[in-house]
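What follows is a short report on a single structure.
The values are calculated or read from the model by the stated rules, or taken from the named source; none is laboratory data. As the structure is a prediction and not an experimental result, all values here were calculated from the model. Here the Cβ is made from the backbone with ideal geometry for all residues, glycine too, and neighbour counts use every protein chain on show. Accessible surface is based on the protein model in full, side chains and every heavy atom, while ligands, DNA and RNA are left aside. Shrake-Rupley method; radii C 1.70, N 1.55, O 1.52, S 1.80 Å.
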Amino acid sequence: MSSLRPASATAFATSGYCARPGEPESAAAATPSHILLADRNPAKYAPILDHLRQARPSVSIVEAADGPSALAALEAHPIGIALVDRCLPGLDGAKFANHLASRGRSILLGLLSDRLVPQWAKVARAIGAYDVLLKPIRSTQVDNLLAAYSRTCVPAKVLVVESSAGILDLIVRMMRLSRFDLKADLAATAADGLRMLVPGFYDLALVDVALADAGGVETALQMVARSPSTKIVTFGKQDRFAPATLKALGVAAHVSLPFQIHELDLAVHEAFDLWRPYVLKAMGKTEQLDQTGVDYLFKAAG
């Protein structure tokens with residue numbers, strides 16, 4: 001991970017700018033060509049495999065019963081989603097993490113586990129996992145993962161309306177860590193934000209409720225009216241409107257100050273109508289883990 005640059009309009013170049021408003025890109029749902037299912041007992045996933053074959057007949061399912069087979073599958077096939085048992089025999093955590101890192105963020109990894117432990121969230125993030133799924137997994141969990149994969153494949157155009165360097169720094173860091181491809185434009189004032197909001201162009205707008213030139217809540221509501229297709233996320237200290245009231249008025253999500261990076265990422269998931277990953281929800285309960293923790297997560301059972 002590269003070092004963070006100062007929070008400013010320049011810093012947004014690291015995440016990508018929208019060049020200028022124009023015709024929206026196609027948002028057709030993307031589907032992975034191959035899904036890896038790596039578990040010591042793949043037969044017990046027969047109902048899930050049947051569901052996938054019926055719901056996504058174009059997807060090829062690659063099965064692996066041990067670590068070497070899972071790594072070979074990553075080399076041999078264009079895997080889009082990997083469902084991997086955390087206790088897969090013969091799977092070295094560090095080696096698997098390196099294989100994933102070499103592919104950037106192209107693979108959406110779901111770790112399969114018999115139980116959920118909050119500290120695993122840090123480990124999962126360290127190896128690039130999108131989420132930890134509690135076994136036995138259900139078809140709805142797989143559908144949620146497919147929806148998340150589809151969203152990660154389509155760049156999201158984001159308008160950030162904020163002037164605080166500290167909050168901008170958190171937003172830039174969230175954009176770098178998020179699995180979504182977020183391309184941002186920056187407006188420092190409410191007037192600029194409303195001027196830049198071309199109806200139907202931005203997928204998402206992040207709006208401070210304490211803007212210097214106008215109330216952020218009022219700005220957000222004007223954005224809702226101006227571009228109903230743009231998902232609005234507000235952040236800051238609660239104004240006279242409660243988060244529930246904001247939602248009733250069309251705001252997709254609200255994050256209260258002070259917030260942590262994962263909380264903003266959760267709000268983005270909510271705005272995109274995606275289920276919120278356990279990995280992000282557990283981040284506030286975790287402690288820093290070292291490489292030993294990574295290896296432990298993949299330690300073979302028995």
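With respect to the numbered conditions (1) within 30 Å of Val132 (Cβ to Cβ); (2) open to solvent by 10 Å² or more (accessible area, probe 1.4 Å), which one is the sole condition not fulfilled by Ala267?
Condition not satisfied by Ala267: (2).
Just to confirm my filter: which strands (runs of 3 or more DSSP E) fall fully inside the range 58-177 and include at least 1 residues that are open to solvent by less than 10 Å² (accessible area, probe 1.4 Å) and within 30 Å of Val198 (Cβ to Cβ)? Before the answer, list the steps.
Numbers: elements: 60-64, 79-85, 108-113, 131-134, 156-161.
Correct list: 156-161.
So the check is Cβ under 7 Å with 6+ separation or different chains; which pairs have a first residue in the range 172-189 that's closer than 17 Å to Val154 by Cα and a second one that's among the basic types (Lys, Arg) and buried (at least 19 other Cβ atoms within 10 Å of the Cβ)?
Listed by first residue and then by second, the contacts come to Phe180/Arg151; Lys183/Lys157.
Any idea which residue in the range 216-234 is most open to solvent (accessible area, probe 1.4 Å), counting only those that are of a type in the set (A, V, I, L, M, F, W, C) and at pLDDT 90 or above? Lay out the reasoning, then the answer.
Kept after step one, since they are of a type in the set (A, V, I, L, M, F, W, C), are these residues of the range 216-234: 217, 220-221, 223-225, 232-233.
Subset that is at pLDDT 90 or above: 220-221, 223-225, 232-233.
On the way: Ala220: 1, Leu221: 47, Met223: 0, Val224: 32, Ala225: 79, Ile232: 1, Val233: 0 Å².
Within the range 216-234, the match that is most open to solvent (accessible area, probe 1.4 Å) is Ala225.
Among what's in the range 178-189 and is small (Gly, Ala, Ser) and open to solvent by less than 40 Å² (accessible area, probe 1.4 Å), pick the residue that is nearest to Leu145 (Cα to Cα). Walk me through it before giving the result.
Of the residues in the range 178-189, the ones small (Gly, Ala, Ser) are 178, 184, 187-188.
If we keep only those that are open to solvent by less than 40 Å² (accessible area, probe 1.4 Å) as well, we get 178, 184, 187.
On the way: Ser178: 15, Ala184: 25, Ala187: 33 Å.
This residue is Ser178.
Here is a list of conditions, (1) surrounded by fewer than 24 Cβ atoms within 10 Å (Cβ to Cβ); (2) in contact with a strand residue (DSSP E or B) (Cβ under 9 Å, 6 or more places away or on another chain); (3) not in a helix (DSSP H, G or I), and Asp192 meets all of them except one; can you say which number that is?
(3)
For Asp213, all conditions in the list (1) surrounded by 14 or more Cβ atoms within 10 Å (Cβ to Cβ); (2) closer than 23 Å to Ala191 by Cβ; (3) free of Cβ contacts under 8 Å to residues at least 40 places away in the same chain hold save one; what is the number of the exception?
(1)
For the range 160-212, which residues satisfy the criterion of being of a type in the set (D, E, K, R) and under 25 Å from the mean Cα position of the chain (by Cα)? Even if it seems obvious, please write down each step before you answer.
At the first step, the residues of the range 160-212 found to be of a type in the set (D, E, K, R) are 162, 169, 173, 176, 179, 181, 183, 185, 192, 195, 203, 208.
Across the range 160-212, the qualifying residues are Glu162, Asp169, Arg173, Arg176, Arg179, Asp181, Lys183, Asp185, Asp203, Asp208.
Consider only pairs whose beta carbons are under 9 Å apart and that are at least six residues apart or on different chains; among these, list those whose first residue lies in the range 65-94 and is within 8 Å of Ala38 (Cβ to Cβ) and without any contact (Cβ under 8 Å) to a residue 12 or more places away in the chain and whose second residue is of a type outside the set (Asp, Glu) and not in a helix (DSSP H, G or I).
Note: no pairs meet the criteria.
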